[in-house]
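Just so it is clear, none of the values below were taken in a lab; they were calculated from the coordinates. These numbers come from a predicted model, not from an experiment. As a convention, Cβ positions derive from the backbone with ideal geometry for all residues, glycine included, and neighbour counts pool all protein chains shown.
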Amino acid sequence: MEEKIEQPKKEQGLKTVRTFSSDMAEAVRENQISVIKIAMAEKERRDQQEALARSGGTRFSKIMFFIGGIIFIGGSIFGIYYFINQKKIRENSIIRHEPRIETFISYDNAIKIDISKINGLMNLVSVIHSREAEEKNGTNAIFLNKKDTEGNDVQLSKNEFLTILKSTAPGSLTKSMKEDFLFGKYKGDTIANNSTAFLIFGINDYGLAYASMLDWEKSIFSDLFILFDITLSDSDTALFEKDWKDIIVNNKDARVLYGVDGEGVLYYSFANKSTLVIAENAEVLKRIINAVLIKNPQ
């Protein structure tokens, strides 16, 4: 009888045999993975540093940016200062003109005199003389003002002016006059370099004023010669008694008081029915009449 020989049973799942070569291969493989990870981490770190450098700039660019900022701020401050300074210069260079005072004529220069503390005609004439340096060639309008209760300038009225003159003008004449008047001086041109005085009165009753002026002729020279700064010699005392004469000035009827040498000393004429002009020179009388008619032909 044959003897059965039992074959060894195959083990389930063969056991892997570890050798030196296989261990070395595994170690190399794992090492390569680690190196790759390290390299990738290093690359990521460098990328982050480069991004940070790009966002924050280099040290040099930061310094330049800082310097540029200081220059910009300094330039802005200088620009603002320059603008403000130039504005002040322009404001200071602007000539500020006071409102022009309206009167019977156009004038080249205005001189304001405060008569609040003036006492009498001689004092007034002295103050007028003291302001002669302010006179300019052409027509100088001299405005006589006083202060009101609030300290504002108010022009002297006709009656107040005649009171200072101690005028002997007839009451009928003063009633025919308006309250506004103008005293002035004309300087230069055909009048050499001397200034020549003139007076303008507004009239509201021409017929009454014309007749009343004939009465005032008896004393008008006495009333005005100091104001008009007319120098008298011993022989000129006869002027206080002399009669006035008719003449034509600028196609207007006028009256003149002649001196002993035959020259006119004082003139007057109605430029129109609402304006009386008195002057110490025929040429000035003509100019003032023209100025009145240019502004008010009626």
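Fewest to most neighbouring Cβ within 10 Å: what's the order for Y82, Y258? Provide the component values of the computation, followed by the final result.
Values: Y82 10, Y258 16.
Fewest-to-most ranking of Y82, Y258: Y82, Y258.
The shape of region 109-295 can be summarised by an equivalent ellipsoid whose semi-axes, obtained from the alpha carbon gyration tensor, come to 24, 20, 18 Å from longest to shortest.
Using a Förster distance of 45 Å, how high is the FRET efficiency between R46 and I80, based on the Cβ-Cβ distance and rounded to 0.05? Taking R0 as 45 Å, the efficiency between R46 and I80 is 0.45.
Return the loop-located GluC sites (Glu not before Pro) in region 184-266 (DSSP other than H, G, I, E, B) with at most 13 other Cβ atoms within 10 Å of their own Cβ; answer none if there are none. Could you put the intermediate results ahead of the total?
Numbers: sites: E217, E241, E263; in loops: E217, E241, E263.
Loop-located and lightly packed - E241, E263.
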